[in-house]
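Have a look at the structure below before the remarks.
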Amino acid sequence: MKCPNCGTELKDGSLFCPNCGAKLSNMANPANIGTAPSGDPAKKKSGSKTIIGFLSFVAILAIAVAVVVVYIKMRPVTIDLGQYVSVEYSGYDSYGSAVVSIDFKQLKKDYKDELKFKGDSKDLKKEYGKPIDYLQAQLTGELDTDEMLSNGDTVTFVWDIDTKEVSDNLNVKLITTDKTFTVEDLEEVESFDPFEGLVINYEGTAPNGTASIDRGSVSNKYYTESDYYFTLSKTSDLSNGDVITVTITSDDEDAYKLEFIEAYGVMPESVSKDYTVEGLDSWITSLDQIPEEGLAKMQQQAIDVFTTQEADFSEEWTMQDPEYVGSYLLVTKNEYTSYNHNYLYLIYHITVDYEAGSNTGSYDYYYGFSFSDLKLNGDGSFDVDVTHYQKLQRSISKEMVNENGWNGKKTYYFYGYETMDDLVKDYVTKKADTYTSETDIEQAAE
């Protein structure tokens, strides 16, 4: 049977045409062809549109549901990896170590059913099998420090993951924030001073002083020849102010301390200590080291010797008071010499007046004394043997008018130098190869 309205083939017993919506019961009356079931053509068309709209809605809804299902299935799973990281500590305070671990077991339990591969992942499936196994293989990282730790220190775990690559292959968003931990529960270890009571003996005269350990001075119970011993960085050629480093091991400090802890249950505070050399006698090396009273003592000795031994002139000559000009200090360049480590030259200007009858005049020359091996004692006192001196002189002659002399003239002899330049050349310049020099004379001779 066909619909008399549109010609659509109908099933037996159909009440409405599925194509045009015409009510078949009215089809018996040809006059009703093309009209709505109520006999109103407008109502017939409205019913047809309603059914078509409903079917379209159902189709759209089905597509939407399918999209939602696909989205839910492939939506990114957010995983905060920090909650699966933990750190364990072991060892001694100051020498602790840290080991990091990732709880893969819990991670698998939480997300093995939620992770999916994206796109064509045949190679990944072949290599890793399951998505959770692929993820586990990507989780790498390390602590910023994991050795020589003390209680209260902090260590930070830093992830090393290409999160974009992982997200391209899995439906996952990884949170890889660095995670910081505080070190705790390391075993406390008692420490001691291995240098407690140590005395170093200094002997000799700088710069050739020596140092040695007074081994009986050490007062801690761990010191014996077998437990540890002392080594000095320098034992000879010492001067006051030099620094000597005393060590109890030549090994790595941290390794040695750990060995000591394991052997004795205690730890040395340090394996080295600096000591400043002091108390040595020292040779004078600069003029400002000579105290005023020491200089005055040498000046007095020079005047006493000169006036009693050198000023015994003939009756025609009278000496004025000697004038102190200044000094030169010579210091040996050979620090290993055993004598004449230094010289101090005291230079005087001498004026003598001449009178022989009606003949008068005056004469000027220079005279000097030297003292050697001046030194400062370990207690800071100045030491010089003033009886050990040298006269800086040579013979000079002066001819004066004197009717009692040969042809009305007489030659007189003095001991000294006509000029200070001549004196300096003989006693300073000639020693320039072996001694350095310093002077306090403002217009010193060169």
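The values are calculated or read from the model by the stated rules, or taken from the named source; none is laboratory data. These figures come from a predicted structure and were not determined experimentally. As a convention, Cβ positions derive from the backbone with ideal geometry for all residues, glycine included, and neighbour counts pool all protein chains shown.
Of note:
- Hits in region 399-446 - residues which are under 57 Å from the mean Cα position of the chain (by Cα) and β-branched (Val, Ile, Thr): Val424, Val428, Thr429, Thr434, Thr436, Thr439, Ile441
- Scanning region 222-231 for residues being surrounded by 15 or more Cβ atoms within 10 Å (Cβ to Cβ) and closer than 30 Å to Asn377 by Cα gives a total of 1.
- Any chance Ser250 is more than 30 Å from Ile79 (Cβ to Cβ), in a strand (DSSP E or B) and out of contact with any helix residue (DSSP H, G or I) (no Cβ under 7 Å at 6 or more places or on another chain): no
- Here Gly241 fulfils each of the conditions (1) assigned to a strand (DSSP E or B); (2) under 30 Å from Gln289 (Cα atoms) apart from (1).
- Residue match in region 306-316 (condition: assigned by TED's automatic domain parsing to the domain that holds Lys409, in contact (Cβ under 8 Å) with a residue 12 or more places away in the chain and of a type in the set (A, V, I, L, M)): no
- Verdict on Ser236 being among the small types (Gly, Ala, Ser), out of contact with any Cys (no Cβ under 6 Å at 6 or more places or on another chain), farther than 29 Å from Phe260 by Cβ and in a helix (DSSP H, G or I): no
- Region 288-302 residues that are under 14 Å from Tyr345 (Cα atoms), paired with ones that are at pLDDT below 95 and part of a helix (DSSP H, G or I) (beta carbon under 6 Å, 6 or more apart): none
- Considering residues of region 336-358 that are aliphatic (A, V, I, L, M) and under 27 Å from Tyr324 (Cα atoms) only, the residue farthest from the chain's Cα centre (by Cα): Val352
- Checked against (1) modelled with pLDDT of 90 or more; (2) in a loop (DSSP other than H, G, I, E, B), Asp120 passes all but a single condition, namely (1).
- Residue satisfying all of: in region 122-149; of a type in the set (Ser, Thr, Tyr) and buried (at least 16 other Cβ atoms within 10 Å of the Cβ); nearest to the chain's Cα centre (by Cα) among these: Tyr134
- Qualifying positions in region 305-339 - farther than 24 Å from Lys398 by Cα and surrounded by 14 or more Cβ atoms within 10 Å (Cβ to Cβ): Gly326, Ser327, Tyr328, Leu329, Leu330, Val331, Thr332
- Residue within region 126-135 that is in the same structural domain as Asp160 (by TED's automatic domain parsing), assigned to a helix (DSSP H, G or I) and among the hydrophobic types (A, V, I, L, M, F, W, C) present: yes
- Flag for Ser250 being surrounded by fewer than 12 Cβ atoms within 10 Å (Cβ to Cβ), farther than 30 Å from Lys333 by Cβ, in contact with a Gly (Cβ under 7 Å, 6 or more places away or on another chain) and not acidic (Asp, Glu): no
- Among the candidates Ser219, Ser191, residue that is out of contact with any Ser or Thr (no Cβ under 7 Å at 6 or more places or on another chain), surrounded by 13 or more Cβ atoms within 10 Å (Cβ to Cβ) and small (Gly, Ala, Ser): Ser191
- Lys109 meets the conditions (1) of a type in the set (Lys, Arg); (2) loosely packed, with under 13 Cβ neighbours inside 10 Å; (3) in contact (Cβ under 8 Å) with a residue 24 or more places away in the chain in every case but one. The failed one is (3).
- Some residue of region 428-445 being at pLDDT below 90, crowded, with 17+ Cβ neighbours inside 10 Å and not in a strand (DSSP E or B): yes
- Restricting Gly380, Gly405 to residues that are in the same structural domain as Met319 (by TED's automatic domain parsing) and on the phi > 0 side of the Ramachandran plot narrows the list to Gly380.
- Options Thr337, Thr351: the member that is part of a strand (DSSP E or B), at negative phi and in the same structural domain as Lys297 (by TED's automatic domain parsing): Thr351
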